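A.B. asks: Below you will find the structure I want to go over with you.
Rule-based calculations on the coordinates, nothing more; no lab input. Given the structure is predicted, the values throughout are model-derived calculations rather than measurements. With ideal geometry, Cβ positions are generated from the backbone for all residues, glycine too; neighbour counts draw on all protein chains shown.
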């Protein structure tokens, strides 16, 4: 089954404790991205990657890091999480070009 | 002006009603357009792509008006199961996709 998976689905952590949210897709998509979704603000792009070893900042990259060592994986790293990073996070992938994006199920992160 | 704007709603309609959403975009070079549906706390899923000639899928019709820079989604004969948030997505010329903040629809019995 073609899908995007994210782990963990739910995470409660404390300020400053490094965490990683994994994202994996099995559709051989070149393009992957991370979004955060907050009430009233819609989906905002954090980082994206056009292909292996190629990553770029989106609209709200501060406080986040990513890597793309393999085509299928695109982890999101929060080196020192803060409460303002409490949000619902989605990973997405698509073929290179103006095609639909496929989203993972989301990770609900709470930073206290 | 935001790149993609939608009326946030909420739209509360009775079952069987026809409801329409509009979405405006600011970049005249935008190339492709989509409507996504998002259920509460779930991931967005593609509802339909929007083609220049307009397209229909069952009770759903999408239209594109390039001159006025907006796309629309029409839902006929609303069902309770249509209750969701509808996201407008615009693909910019560099393949950067921009999402609207979404329009919330509640269909009531």
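A.B. asks: Report the gain in length on full extension from residue B:108 to residue B:41: 0.36 nm times residue separation, minus Cα-Cα distance, nm rounded to one decimal.
C.D. replies: Working it through step by step, the gained length comes to 22.1 nm.
A.B. asks: Shifting gears a bit: Calculate the spin-label point distance for residue B:56 paired with residue A:79, positioning each point 7 Å from the Cα along the beta-carbon direction, and give it in nanometres.
C.D. replies: 5.6
A.B. asks: Considering Cα pairs under 8 angstrom that are at least six residues apart, work out the relative contact order of chain B and quote it in whole percent. Let's see the in-between values first.
C.D. replies: Working: 274 pairs, mean separation 40.9, N = 109.
Over chain B, the number comes to 38 percent.
A.B. asks: Ok, one more. When Cβ neighbours within 10 Å are restricted to other protein chains, what is their mean count per residue of peptide A:41-52?
C.D. replies: Rounded to a whole number, the mean comes out at 3.
A.B. asks: Of the candidates A:42, A:58, A:16, which one comes out as most mobile in a Gaussian network treatment of chain A with C-alpha springs shorter than 10 Å?
C.D. replies: Looking only at A:42, A:58, A:16, the biggest GNM fluctuation is shown by A:42.
A.B. asks: Determine, for each peptide in A:93-100, A:31-38, B:51-58, the mean count of other beta carbons within 10 angstrom over its residues, then list the peptides with the highest first.
C.D. replies: Put in order of decreasing packing, that is A:31-38, A:93-100, B:51-58.
A.B. asks: OK, next. What's the FRET efficiency of residue A:86 with residue A:57 using the Cβ-Cβ distance as r and R₀ = 25 Å, to the nearest 0.05?
C.D. replies: With R0 = 25 Å, the Cβ-Cβ based efficiency is 0.75.
A.B. asks: Then there is this: Would you mind computing the Rg to Rh ratio of chain B from its alpha-carbon coordinates, Kirkwood style for Rh?
C.D. replies: We get a ratio of 0.96 for chain B.
A.B. asks: If contacts are Cα pairs under 8 angstrom and at least 6 residues apart, what is the relative contact order of segment B:7-61 in percent?
C.D. replies: 22
A.B. asks: Measure out, as a whole number of angstrom, how far apart the alpha-carbon centroids of segment A:12-88 and segment B:1-69 sit.
C.D. replies: A separation of 26 Å, based on Cα centres.
A.B. asks: If you don't mind, there's one more thing I want to ask. On the Cα set of the protein assembly as shown, report Rg and Dmax in Å, please.
C.D. replies: Every Cα atom of the protein assembly as shown included, Rg and Dmax give 17.7, 52 Å.
A.B. asks: Sort A:11, B:87 so the one with the fewest other Cβ atoms within 10 Å of its own Cβ comes first.
C.D. replies: In order of increasing Cβ crowding within 10 Å: A:11, B:87.
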